[in-house]
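Beneath this line is the structure, given in C-alpha coordinates, with notes to follow.
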Amino acid sequence: MNRITNHQLYRLITAHFAEIIREPAVIFWGVVFPILMAWGLGIAFTQKGTISVKLAVVKVITEKDTVQETKFLSFLKKNGIKRDSTYTINLKNEKLGDESLTFFETTWPNAFTMLKKGKVTVIIEDKATDIKYHFDPANAEAKAAYQLAANLTTHGVSFYAADQPSIEPLTMKGTRYVDFLIPGLLAMGIMMACSWGISYTIIDRRSKKLLRRMVATPMKKSNFLLALITARFTMNLAEALLLFAFAWLYFGTKVQGSWPALIMMFIAGNIAFSGIAILISSHTANPEIGNGIINALVTPMMVVSGVFFSYHNFPEWIIPVIRNLPLTMIADSFRSIFNEGAGFADVWLEALILTSTGVVSFVIGLKIFKWY
(Lines give C-alpha, C1' and ligand atoms only; values in the text may rest on other atoms or scores of the structure.)
Protein backbone atom coordinates (compact mmCIF):
# COMPACT_ATOMS: atom_id res chain seq x y z
CA MET A 1 0.00 0.00 0.00
CA ASN A 2 2.83 2.41 0.86
CA ARG A 3 4.46 1.75 -2.52
CA ILE A 4 1.19 2.53 -4.29
CA THR A 5 0.66 5.69 -2.25
CA ASN A 6 4.20 6.92 -2.91
CA HIS A 7 3.86 6.08 -6.58
CA GLN A 8 0.63 8.10 -6.75
CA LEU A 9 2.25 11.03 -4.96
CA TYR A 10 5.17 10.98 -7.40
CA ARG A 11 2.80 10.89 -10.40
CA LEU A 12 0.71 13.76 -9.02
CA ILE A 13 3.77 15.92 -8.37
CA THR A 14 5.08 15.19 -11.87
CA ALA A 15 1.69 16.06 -13.40
CA HIS A 16 1.50 19.39 -11.57
CA PHE A 17 5.03 20.31 -12.63
CA ALA A 18 4.13 19.44 -16.22
CA GLU A 19 1.09 21.74 -16.06
CA ILE A 20 3.29 24.61 -14.91
CA ILE A 21 6.01 24.03 -17.50
CA ARG A 22 3.46 23.82 -20.32
CA GLU A 23 2.43 27.44 -19.52
CA PRO A 24 5.39 29.66 -20.53
CA ALA A 25 3.54 32.70 -19.19
CA VAL A 26 3.53 31.20 -15.70
CA ILE A 27 7.31 30.82 -15.84
CA PHE A 28 7.71 34.40 -17.07
CA TRP A 29 5.48 36.06 -14.46
CA GLY A 30 6.65 33.84 -11.63
CA VAL A 31 10.39 33.74 -12.32
CA VAL A 32 11.57 36.17 -15.00
CA PHE A 33 9.42 39.18 -14.10
CA PRO A 34 10.52 39.38 -10.41
CA ILE A 35 14.16 39.25 -11.56
CA LEU A 36 13.52 42.06 -14.06
CA MET A 37 11.81 44.10 -11.33
CA ALA A 38 14.72 43.58 -8.94
CA TRP A 39 17.17 44.61 -11.66
CA GLY A 40 15.25 47.74 -12.65
CA LEU A 41 14.50 48.95 -9.15
CA GLY A 42 17.99 48.09 -7.99
CA ILE A 43 19.47 50.36 -10.66
CA ALA A 44 16.95 53.11 -9.91
CA PHE A 45 17.55 53.19 -6.17
CA THR A 46 21.22 52.38 -5.75
CA GLN A 47 22.55 54.89 -8.29
CA LYS A 48 26.09 53.69 -7.60
CA GLY A 49 25.87 54.52 -3.89
CA THR A 50 25.36 58.26 -4.39
CA ILE A 51 23.03 59.98 -1.93
CA SER A 52 21.09 62.62 -3.83
CA VAL A 53 19.04 65.40 -2.20
CA LYS A 54 17.32 68.46 -3.63
CA LEU A 55 16.79 71.74 -1.83
CA ALA A 56 15.33 75.13 -2.71
CA VAL A 57 17.32 78.30 -1.97
CA VAL A 58 15.09 81.36 -1.66
CA LYS A 59 16.47 84.47 -3.30
CA VAL A 60 16.86 87.57 -1.15
CA ILE A 61 15.26 90.44 -3.08
CA THR A 62 16.37 93.97 -2.19
CA GLU A 63 14.23 97.10 -2.28
CA LYS A 64 15.56 97.77 -5.77
CA ASP A 65 14.18 94.38 -6.99
CA THR A 66 17.63 92.87 -7.36
CA VAL A 67 18.92 89.57 -5.98
CA GLN A 68 21.18 90.06 -2.99
CA GLU A 69 24.49 88.24 -3.28
CA THR A 70 24.74 86.39 0.06
CA LYS A 71 27.69 84.32 1.21
CA PHE A 72 25.88 81.04 0.69
CA LEU A 73 24.70 81.94 -2.80
CA SER A 74 28.19 83.13 -3.68
CA PHE A 75 29.57 79.80 -2.49
CA LEU A 76 27.11 77.90 -4.70
CA LYS A 77 28.01 79.99 -7.74
CA LYS A 78 31.72 79.50 -7.11
CA ASN A 79 31.77 75.78 -6.21
CA GLY A 80 28.59 74.31 -7.67
CA ILE A 81 27.98 72.91 -11.12
CA LYS A 82 25.53 75.38 -12.62
CA ARG A 83 22.68 74.32 -14.90
CA ASP A 84 20.01 76.95 -15.55
CA SER A 85 18.98 78.09 -12.06
CA THR A 86 20.34 75.04 -10.20
CA TYR A 87 23.67 74.38 -8.54
CA THR A 88 24.96 70.88 -7.82
CA ILE A 89 27.70 70.09 -5.31
CA ASN A 90 29.19 66.60 -5.29
CA LEU A 91 30.97 65.48 -2.12
CA LYS A 92 33.15 62.38 -1.94
CA ASN A 93 32.71 59.95 0.93
CA GLU A 94 34.37 56.57 0.50
CA LYS A 95 32.88 55.08 3.68
CA LEU A 96 29.25 56.18 3.47
CA GLY A 97 28.88 56.84 -0.24
CA ASP A 98 29.14 60.01 -2.31
CA GLU A 99 26.71 62.87 -1.72
CA SER A 100 25.06 65.00 -4.38
CA LEU A 101 23.28 68.18 -3.30
CA THR A 102 21.20 70.08 -5.85
CA PHE A 103 20.09 73.61 -4.93
CA PHE A 104 17.30 75.36 -6.84
CA GLU A 105 17.62 79.14 -6.74
CA THR A 106 14.02 80.37 -6.69
CA THR A 107 11.42 82.59 -5.03
CA TRP A 108 9.26 81.84 -1.98
CA PRO A 109 6.08 80.99 -3.94
CA ASN A 110 7.96 78.66 -6.29
CA ALA A 111 9.82 77.08 -3.37
CA PHE A 112 6.55 76.20 -1.61
CA THR A 113 5.10 74.81 -4.84
CA MET A 114 8.18 72.64 -5.35
CA LEU A 115 7.93 71.44 -1.74
CA LYS A 116 4.26 70.50 -2.11
CA LYS A 117 5.00 68.63 -5.34
CA GLY A 118 7.84 66.73 -3.68
CA LYS A 119 10.50 68.16 -5.97
CA VAL A 120 12.43 69.46 -2.94
CA THR A 121 12.22 68.53 0.73
CA VAL A 122 13.94 71.53 2.33
CA ILE A 123 13.68 75.28 1.74
CA ILE A 124 16.78 77.31 2.60
CA GLU A 125 16.19 80.95 3.43
CA ASP A 126 19.51 82.61 2.68
CA LYS A 127 19.73 85.86 4.64
CA ALA A 128 22.53 88.36 4.98
CA THR A 129 23.26 87.34 8.57
CA ASP A 130 22.26 83.68 8.83
CA ILE A 131 20.63 80.70 7.14
CA LYS A 132 17.21 79.32 7.98
CA TYR A 133 16.16 75.77 7.05
CA HIS A 134 12.43 75.16 6.55
CA PHE A 135 11.23 71.53 6.45
CA ASP A 136 8.76 69.08 7.96
CA PRO A 137 10.46 67.47 11.00
CA ALA A 138 8.24 64.40 10.57
CA ASN A 139 9.72 63.74 7.13
CA ALA A 140 12.81 61.54 7.48
CA GLU A 141 13.95 62.36 3.93
CA ALA A 142 13.77 66.10 4.70
CA LYS A 143 15.76 65.66 7.91
CA ALA A 144 18.46 63.77 6.00
CA ALA A 145 18.58 66.53 3.37
CA TYR A 146 18.93 69.15 6.08
CA GLN A 147 21.78 67.25 7.73
CA LEU A 148 23.66 66.97 4.43
CA ALA A 149 23.24 70.67 3.68
CA ALA A 150 24.14 71.74 7.21
CA ASN A 151 27.17 69.45 7.20
CA LEU A 152 28.78 71.46 4.44
CA THR A 153 30.59 73.16 7.32
CA THR A 154 32.33 69.84 8.07
CA HIS A 155 33.89 70.02 4.61
CA GLY A 156 35.64 73.28 5.42
CA VAL A 157 32.83 75.62 4.43
CA SER A 158 31.63 78.20 6.97
CA PHE A 159 29.27 80.98 6.00
CA TYR A 160 28.19 82.88 9.09
CA ALA A 161 29.28 83.44 12.67
CA ALA A 162 26.39 81.48 14.17
CA ASP A 163 27.45 78.04 15.40
CA GLN A 164 24.09 76.42 14.66
CA PRO A 165 21.82 77.12 11.69
CA SER A 166 18.26 78.22 12.40
CA ILE A 167 15.51 75.65 11.84
CA GLU A 168 11.90 76.61 11.11
CA PRO A 169 9.65 73.51 11.18
CA LEU A 170 6.99 73.48 8.46
CA THR A 171 3.78 72.36 10.10
CA MET A 172 1.26 74.28 8.00
CA LYS A 173 -1.23 72.21 6.03
CA GLY A 174 -0.04 71.38 2.54
CA THR A 175 3.67 71.29 3.37
CA ARG A 176 3.71 68.27 5.70
CA TYR A 177 4.64 64.78 4.57
CA VAL A 178 1.16 63.51 5.44
CA ASP A 179 -0.28 66.07 3.00
CA PHE A 180 1.93 64.53 0.34
CA LEU A 181 0.99 60.98 1.35
CA ILE A 182 -2.84 61.10 1.57
CA PRO A 183 -3.49 62.09 -2.09
CA GLY A 184 -1.05 59.38 -3.20
CA LEU A 185 -2.87 56.77 -1.12
CA LEU A 186 -6.21 57.84 -2.59
CA ALA A 187 -4.80 57.45 -6.10
CA MET A 188 -3.24 54.08 -5.30
CA GLY A 189 -6.52 52.89 -3.82
CA ILE A 190 -8.25 53.50 -7.16
CA MET A 191 -5.59 51.56 -9.05
CA MET A 192 -5.47 48.60 -6.69
CA ALA A 193 -9.25 48.31 -6.31
CA CYS A 194 -9.91 48.37 -10.05
CA SER A 195 -6.99 46.11 -10.96
CA TRP A 196 -7.78 43.40 -8.44
CA GLY A 197 -11.50 43.99 -7.93
CA ILE A 198 -12.30 43.90 -11.65
CA SER A 199 -9.48 42.05 -13.40
CA TYR A 200 -9.03 39.24 -10.92
CA THR A 201 -12.78 38.80 -10.48
CA ILE A 202 -13.21 38.23 -14.22
CA ILE A 203 -10.19 35.94 -14.48
CA ASP A 204 -11.24 33.91 -11.44
CA ARG A 205 -14.82 33.48 -12.69
CA ARG A 206 -13.57 32.48 -16.13
CA SER A 207 -11.22 29.87 -14.67
CA LYS A 208 -14.07 28.39 -12.60
CA LYS A 209 -16.35 28.23 -15.66
CA LEU A 210 -18.80 30.69 -14.05
CA LEU A 211 -18.74 33.04 -17.04
CA ARG A 212 -19.77 30.13 -19.27
CA ARG A 213 -22.93 29.78 -17.18
CA MET A 214 -23.64 33.50 -17.33
CA VAL A 215 -23.44 33.68 -21.11
CA ALA A 216 -25.98 30.86 -21.31
CA THR A 217 -28.69 33.10 -19.80
CA PRO A 218 -28.09 34.90 -22.40
CA MET A 219 -26.24 38.01 -21.24
CA LYS A 220 -24.70 41.00 -23.03
CA LYS A 221 -20.99 41.46 -22.43
CA SER A 222 -21.39 45.21 -22.05
CA ASN A 223 -24.04 44.85 -19.32
CA PHE A 224 -21.92 42.38 -17.37
CA LEU A 225 -18.79 44.55 -17.53
CA LEU A 226 -20.59 47.85 -16.82
CA ALA A 227 -22.29 46.29 -13.79
CA LEU A 228 -18.91 45.14 -12.48
CA ILE A 229 -17.41 48.61 -13.03
CA THR A 230 -20.36 50.36 -11.34
CA ALA A 231 -20.17 48.15 -8.27
CA ARG A 232 -16.42 48.68 -7.99
CA PHE A 233 -16.77 52.46 -8.45
CA THR A 234 -19.29 52.58 -5.60
CA MET A 235 -16.91 50.65 -3.34
CA ASN A 236 -14.00 52.90 -4.34
CA LEU A 237 -16.03 55.98 -3.46
CA ALA A 238 -16.89 54.61 -0.03
CA GLU A 239 -13.26 53.63 0.64
CA ALA A 240 -11.97 57.05 -0.50
CA LEU A 241 -14.48 58.89 1.70
CA LEU A 242 -13.48 56.83 4.73
CA LEU A 243 -9.77 57.47 4.13
CA PHE A 244 -10.33 61.18 3.65
CA ALA A 245 -12.55 61.39 6.75
CA PHE A 246 -9.82 59.74 8.82
CA ALA A 247 -7.14 62.08 7.42
CA TRP A 248 -9.37 65.10 8.05
CA LEU A 249 -10.22 64.16 11.63
CA TYR A 250 -6.80 62.87 12.71
CA PHE A 251 -4.32 64.91 10.65
CA GLY A 252 -6.43 67.94 9.78
CA THR A 253 -6.03 67.31 6.05
CA LYS A 254 -8.08 69.72 3.94
CA VAL A 255 -8.87 70.24 0.27
CA GLN A 256 -7.55 73.69 -0.59
CA GLY A 257 -8.65 73.55 -4.22
CA SER A 258 -11.87 72.83 -6.09
CA TRP A 259 -14.09 69.98 -4.86
CA PRO A 260 -15.74 69.59 -8.30
CA ALA A 261 -12.26 69.27 -9.85
CA LEU A 262 -11.38 66.62 -7.27
CA ILE A 263 -14.57 64.69 -8.05
CA MET A 264 -13.84 64.96 -11.78
CA MET A 265 -10.34 63.54 -11.28
CA PHE A 266 -11.68 60.74 -9.07
CA ILE A 267 -14.17 59.71 -11.76
CA ALA A 268 -11.51 60.00 -14.51
CA GLY A 269 -9.12 57.82 -12.51
CA ASN A 270 -11.77 55.15 -12.01
CA ILE A 271 -12.64 55.20 -15.71
CA ALA A 272 -8.97 54.86 -16.68
CA PHE A 273 -8.14 51.90 -14.44
CA SER A 274 -11.52 50.20 -14.97
CA GLY A 275 -10.96 50.25 -18.72
CA ILE A 276 -7.40 48.98 -18.33
CA ALA A 277 -8.63 46.25 -15.98
CA ILE A 278 -11.20 45.07 -18.53
CA LEU A 279 -8.57 45.03 -21.26
CA ILE A 280 -5.98 42.95 -19.38
CA SER A 281 -8.58 40.44 -18.20
CA SER A 282 -10.51 40.07 -21.45
CA HIS A 283 -8.74 36.86 -22.52
CA THR A 284 -6.86 35.44 -19.54
CA ALA A 285 -8.25 32.26 -17.95
CA ASN A 286 -5.28 31.16 -15.83
CA PRO A 287 -5.25 32.83 -12.37
CA GLU A 288 -1.46 32.54 -12.09
CA ILE A 289 -0.97 34.37 -15.37
CA GLY A 290 -3.61 36.87 -14.29
CA ASN A 291 -1.75 37.53 -11.04
CA GLY A 292 1.42 38.15 -13.01
CA ILE A 293 -0.20 40.56 -15.43
CA ILE A 294 -1.92 42.52 -12.65
CA ASN A 295 1.31 42.72 -10.65
CA ALA A 296 3.14 43.85 -13.77
CA LEU A 297 0.65 46.69 -14.04
CA VAL A 298 0.37 47.85 -10.43
CA THR A 299 3.77 47.14 -8.84
CA PRO A 300 5.97 49.40 -11.02
CA MET A 301 3.50 52.29 -10.80
CA MET A 302 3.08 51.83 -7.05
CA VAL A 303 6.86 52.18 -6.67
CA VAL A 304 7.75 54.89 -9.19
CA SER A 305 4.63 57.08 -9.37
CA GLY A 306 5.30 59.00 -6.17
CA VAL A 307 2.80 57.45 -3.77
CA PHE A 308 5.11 57.21 -0.75
CA PHE A 309 8.04 59.36 -1.89
CA SER A 310 8.75 61.83 -4.67
CA TYR A 311 9.54 60.38 -8.09
CA HIS A 312 12.01 63.25 -8.53
CA ASN A 313 14.48 60.99 -6.70
CA PHE A 314 14.76 58.93 -9.87
CA PRO A 315 17.23 59.82 -12.66
CA GLU A 316 16.19 62.82 -14.77
CA TRP A 317 15.94 60.79 -17.98
CA ILE A 318 13.08 58.62 -16.69
CA ILE A 319 10.99 61.34 -14.99
CA PRO A 320 9.11 62.35 -18.21
CA VAL A 321 8.05 58.70 -18.59
CA ILE A 322 6.90 58.49 -14.95
CA ARG A 323 4.86 61.69 -15.26
CA ASN A 324 2.78 60.16 -18.06
CA LEU A 325 1.80 57.02 -16.12
CA PRO A 326 -1.90 56.91 -15.15
CA LEU A 327 -1.21 56.62 -11.42
CA THR A 328 1.22 59.55 -11.53
CA MET A 329 -1.35 61.73 -13.30
CA ILE A 330 -3.96 60.95 -10.66
CA ALA A 331 -1.61 61.40 -7.70
CA ASP A 332 -0.13 64.67 -9.03
CA SER A 333 -3.59 66.05 -9.79
CA PHE A 334 -4.91 65.08 -6.36
CA ARG A 335 -1.91 66.77 -4.69
CA SER A 336 -2.33 69.95 -6.70
CA ILE A 337 -6.01 70.12 -5.69
CA PHE A 338 -5.38 69.19 -2.05
CA ASN A 339 -2.27 71.29 -1.41
CA GLU A 340 -2.01 73.97 -4.10
CA GLY A 341 -5.60 75.07 -4.57
CA ALA A 342 -5.89 73.78 -8.14
CA GLY A 343 -9.17 73.86 -10.06
CA PHE A 344 -10.67 72.69 -13.36
CA ALA A 345 -8.25 74.74 -15.47
CA ASP A 346 -5.26 73.00 -13.86
CA VAL A 347 -6.33 69.35 -14.18
CA TRP A 348 -8.73 69.17 -17.14
CA LEU A 349 -6.06 67.84 -19.51
CA GLU A 350 -5.11 64.99 -17.17
CA ALA A 351 -8.79 64.15 -16.69
CA LEU A 352 -9.31 64.06 -20.46
CA ILE A 353 -6.26 61.80 -21.00
CA LEU A 354 -7.32 59.39 -18.25
CA THR A 355 -10.93 59.25 -19.45
CA SER A 356 -9.83 58.64 -23.04
CA THR A 357 -7.43 55.91 -21.91
CA GLY A 358 -10.20 54.16 -19.99
CA VAL A 359 -12.79 54.41 -22.78
CA VAL A 360 -10.41 53.16 -25.47
CA SER A 361 -9.22 50.30 -23.26
CA PHE A 362 -12.80 49.34 -22.44
CA VAL A 363 -13.86 49.33 -26.11
CA ILE A 364 -10.91 47.13 -27.11
CA GLY A 365 -11.43 44.84 -24.13
CA LEU A 366 -15.13 44.52 -24.91
CA LYS A 367 -14.38 43.61 -28.51
CA ILE A 368 -11.91 40.84 -27.66
CA PHE A 369 -13.64 39.67 -24.47
CA LYS A 370 -14.31 35.94 -24.24
CA TRP A 371 -16.60 34.14 -21.82
CA TYR A 372 -14.47 30.97 -21.64
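The values are calculated or read from the model by the stated rules, or taken from the named source; none is laboratory data. Only a predicted model underlies this, so the values are computations on that prediction, with no experimental measurement involved. Neighbour counts run over all protein chains shown; Cβ positions are idealised from the backbone, glycine included.
Data overview
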quantity: Neighbours by Cβ (under 8 Å, 6+ apart or cross-chain): first from region 207-233, not basic (Lys, Arg); second not in a helix (DSSP H, G or I); calculated: 207/285; 207/286; 211/371; 211/372; 214/371; 215/371; 215/372; 225/369
quantity: Residues that are surrounded by fewer than 22 Cβ atoms within 10 Å (Cβ to Cβ) and touching a Lys or Arg at 6+ places or on another chain (Cβ under 8 Å), drawn from region 252-286; calculated: 252, 254, 256, 283, 285
quantity: Meets criteria (loosely packed, with under 13 Cβ neighbours inside 10 Å and either at pLDDT 70 or above or farther than 22 Å from residue 167 by Cα (or both)) for residue 84; calculated: yes
quantity: Among residues of region 315-335, those that are buried (at least 19 other Cβ atoms within 10 Å of the Cβ) and assigned to a loop (DSSP other than H, G, I, E, B), counted; calculated: 0
quantity: Residues within region 206-227 that are touching a helix residue (DSSP H, G or I) at 6+ places or on another chain (Cβ under 6 Å) and buried (at least 20 other Cβ atoms within 10 Å of the Cβ), tallied; calculated: 2
quantity: Residue, nearest to residue 280 (Cα to Cα), within region 176-196, restricted to residues that are of a type in the set (Gly, Ala, Ser) and surrounded by 20 or more Cβ atoms within 10 Å (Cβ to Cβ); calculated: 195
quantity: Region 120-136, residues that are surrounded by fewer than 17 Cβ atoms within 10 Å (Cβ to Cβ) and either in a helix (DSSP H, G or I) or at pLDDT 80 or above (or both); calculated: 132
quantity: Leading residue by the ranking (farthest from residue 335 (Cα to Cα)) among those in region 139-179 that are touching a helix residue (DSSP H, G or I) at 6+ places or on another chain (Cβ under 7 Å) and modelled with pLDDT of 75 or more; calculated: 139
quantity: Any hit, region 340-360, residues being without any contact (Cβ under 8 Å) to a residue 12 or more places away in the chain and touching a Phe, Trp or Tyr at 6+ places or on another chain (Cβ under 8 Å); calculated: no
